[in-house]
Amino acid sequence: MRLIKKESSAKIHKMFPIPFEEILAKIKAELTDLKSNGKVATYIPELAKVSPDFFGMHIFTTDERDFSFGDNTTVFSIQSISKVFTLAVCLSVVGEKLFDRVGVEPSGNAFNSIVQLEKEKGIPRNPFINPGALVMADILLSTLKNPYEDYLNFIRKITDNENIVSSERVANSEFETGFMNASLVNFLKYHGNINNDVEEVLKFYYFHCAFELSCRDLAHAFKAFADHEEIFEFGEVKLSKTLVKRVNSIMQTCGFYDEAGEFAYKVGLPGKSGVGGGIVAVHPLFYSVAVWSPPLNEKGNSVKGMMALERLTALTGNSIF
């Protein structure tokens, strides 16, 4: 891994000091015991076993300070949050050619909608819905020398945690019950947008969805998308300033299934959620933040996670807008 530092971003924090310890204490007090009507994801059997009571949050600033509370070091299945990493790797290895096969527009439909894919003749609306991520999985299977090993090593380097793993138990649970994803990848294959064997694409897709990270891991990993003054390099992956801008813009418009507009309105940060109950977001040049609470709203986003991040930007008085 190589970090190319241009100048210290600590100057920004001296100009705009944020009392993160006090702010997180308020969020913890307000939300920890809050009861909601959210429900843990059950369509993936292994996720249904997770306690709904977990709640943690971690902030990592661009001058490398940590602030946290609760279950911030407990690992969980990041699910669709992994699509941000996959997008970054795809853009590094194939560049803008990716967008010949995947669009960049919000979907306005469910993340696994086959109706939309049929209407658009096998070109997924964006990389963060399931068909888009399946196409990216196909690209990485075709372009990386050792796809599983290379992707695992990338995740370990960007999190700075050599203990990160993808859960075979969760991946197998998804593979055995993921009939809609099987339909999507076959439909993509029919339209010529999948080059590899469909079963291999599904296996790699579930492999990257099943990574288990903590809020701390995610906040540290997403510093690469928060700090434009550093360039993260590892193997074929180079997160240049332009690439980070592309990824952040797609997170802003497409990162929350059919609730991206609501998140932009209430929180005002680029981010990505997963049905494991995690949400990660970045305030460019300031911090990256991850929050985890398994119960989801009907759109598939963590109820407490959305509220915690809304409170964060309200209490700091700062968002990207």
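Worth pointing out:
- Total residues in segment 131-146, condition under 19 Å from the mean Cα position of the chain (by Cα) and more than 13 Å from ASN193 (Cβ to Cβ): 1
- Checklist (1) in a loop (DSSP other than H, G, I, E, B); (2) in contact with a strand residue (DSSP E or B) (Cβ under 7 Å, 6 or more places away or on another chain); (3) at pLDDT below 95 applied to SER36, failing item: (2)
- Selection within segment 247-259 - surrounded by 20 or more Cβ atoms within 10 Å (Cβ to Cβ) and under 17 Å from PRO124 (Cα atoms): VAL247, ILE250, MET251, CYS254, GLY255, PHE256, TYR257
- Only one entry of LEU296, LEU285, LEU213 meets the criterion of being of a type outside the set (Val, Ile, Thr) and touching a His at 6+ places or on another chain (Cβ under 7 Å), and that entry is LEU285.
- Matching residues in segment 150-180 - criterion: being open to solvent by 80 Å² or more (accessible area, probe 1.4 Å) and not in a loop (DSSP other than H, G, I, E, B): GLU168, ARG169, ASN172, GLU176, PHE179, MET180
- Restricted to helices (runs of 4 or more DSSP H) entirely inside segment 47-149, those with at least 3 residues that are crowded, with 20+ Cβ neighbours inside 10 Å are 82-94, 130-143.
- Pairs where the first residue, in segment 162-176, is over 16 Å from ALA48 (Cβ atoms) and at pLDDT 95 or above and the second is among the charged types (D, E, K, R) and open to solvent by 20 Å² or more (accessible area, probe 1.4 Å), C-beta under 6 Å, 6+ apart: GLU162/ARG156; ILE164/ARG156
- One residue stands out in segment 266-297 among those that are within 14 Å of PHE256 (Cα to Cα) and among the polar types (S, T, N, Q): the one that is surrounded by the most Cβ atoms within 10 Å (Cβ to Cβ), namely SER273.
- When every residue of segment 204-214 is checked against the conditions, none turns out to be in contact (Cβ under 8 Å) with a residue 24 or more places away in the chain and more than 18 Å from the chain's Cα centre (by Cα).
- Residue in segment 298-315 that is surrounded by the fewest Cβ atoms within 10 Å (Cβ to Cβ), counting only those that are modelled with pLDDT under 95 and of a type outside the set (Lys, Arg): GLU298
- For segment 193-243, the tally of residues that are assigned to a loop (DSSP other than H, G, I, E, B), at pLDDT below 95 and surrounded by fewer than 24 Cβ atoms within 10 Å (Cβ to Cβ) stands at 5.
- Matching option when the condition is over 17 Å from the mean Cα position of the chain (by Cα) and more than 28 Å from GLU236 (Cα to Cα), among GLU168, GLU118: GLU118
The values are calculated or read from the model by the stated rules, or taken from the named source; none is laboratory data. Model, not experiment: these values are computed from the prediction. Note: ideal-geometry Cβ built from the backbone for every residue, glycine included; neighbour counts use all protein chains shown. Ligands, DNA and RNA are stripped out before the accessible areas are found, and what is left, the full protein with its side chains, is counted by its heavy atoms. Shrake-Rupley method; radii C 1.70, N 1.55, O 1.52, S 1.80 Å.
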